[in-house]
Structure formats: C-alpha cells, structure tokens
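So the structure is just underneath, and the comments pick up after that.
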Amino acid sequence: MCMLSFTDKSVAQIRQLEAEKAKEGQLLRIFVDAGGCSGFEYGMSFDEKKEEDKVLESNGVSFLIDETSLEYLNGSVVDFDDGLNGKGFDIQNPNANSTCGCGRSFN
C-alpha cells in the first residue's frame, strides 16, 4: 500500500479549500499527469470518486488517487508553502529523479 502523507500546514490549507470549493460528495484528488517541464506533473483538485479510484486517508485527510498516480507518489509528502515565494502546495517525492524549478513537474 502506498504511503502518502500531509503536513499540518497542507491539511489546514486543504480544509480551507474544501470549505470554499468542494461540492457535496467530492474529495481531494491527487494525481500525476504526463506533461510539464520534466515529463510528469502533479495535480490536485476536488472530484467525485470514479470506479478505478482508491480512497486513502492520511493525517485526517481522505483523498482519491488512481493506481498509476499511487505508484509515482509512494512515500511522498504533501506540504504547503505560504512564504514569500507564495509557492503553494509542494510535493516532496522521493521517487523523482529530477524536478523542474517550479516544483510541479518531475521525471
């Protein structure tokens, strides 16, 4: 089973976004897509569960993830940076060989 964890800062931000943007029956979806500067990019959105999704929980956050994204994100930590750079969510992925400067893309 995949371990994906959320820092306290990311949980607080996710809770705020849930209250503002999520519709009834939606959960946070974390996914990996082809694209970005380095080959793959991270994505997060609120969505309804699809048949192929797994529903996992970490640090009190229930989230949706598909099997392929699960493989790429095993061991990752989701953080939130609200500092001067205003970076937003940051996924620290031990499986990434390299990342681009924006931090949203990896290979």
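Condition check ((1) assigned to a helix (DSSP H, G or I); (2) of a type outside the set (Val, Ile, Thr)) across all residues:
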site: Met3; (1), (2): no, yes
site: Lys9; (1), (2): yes, yes
site: Gln13; (1), (2): yes, yes
site: Gly25; (1), (2): no, yes
site: Arg29; (1), (2): no, yes
site: Val32; (1), (2): no, no
site: Phe40; (1), (2): no, yes
site: Phe46; (1), (2): no, yes
Item to check | Considering residues of segment 30-72 that are small (Gly, Ala, Ser) and within 11 Å of the chain's Cα centre (by Cα) only, the residue surrounded by the fewest Cβ atoms within 10 Å (Cβ to Cβ) | outcome: Ser45
Item to check | Residues (under 22 Å from Leu28 (Cα atoms), touching a Phe, Trp or Tyr at 6+ places or on another chain (Cβ under 6 Å), outside any loop (DSSP other than H, G, I, E, B) and at pLDDT below 75) located in segment 75-107 | outcome: Phe106
Checklist entry - Just one of the numbered conditions (1) open to solvent by less than 80 Å² (accessible area, probe 1.4 Å); (2) assigned to a strand (DSSP E or B) is not true of Glu18; which one? => result (2)
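The values are calculated or read from the model by the stated rules, or taken from the named source; none is laboratory data. The model shown is predicted, which means the values in this text are computed figures rather than measured ones. Backbone-built Cβ (ideal geometry, glycine too); neighbour counts: all protein chains shown. Heavy atoms of the whole protein, side chains included, go into the accessibility calculation; ligands, DNA and RNA do not. Shrake-Rupley method; radii C 1.70, N 1.55, O 1.52, S 1.80 Å.
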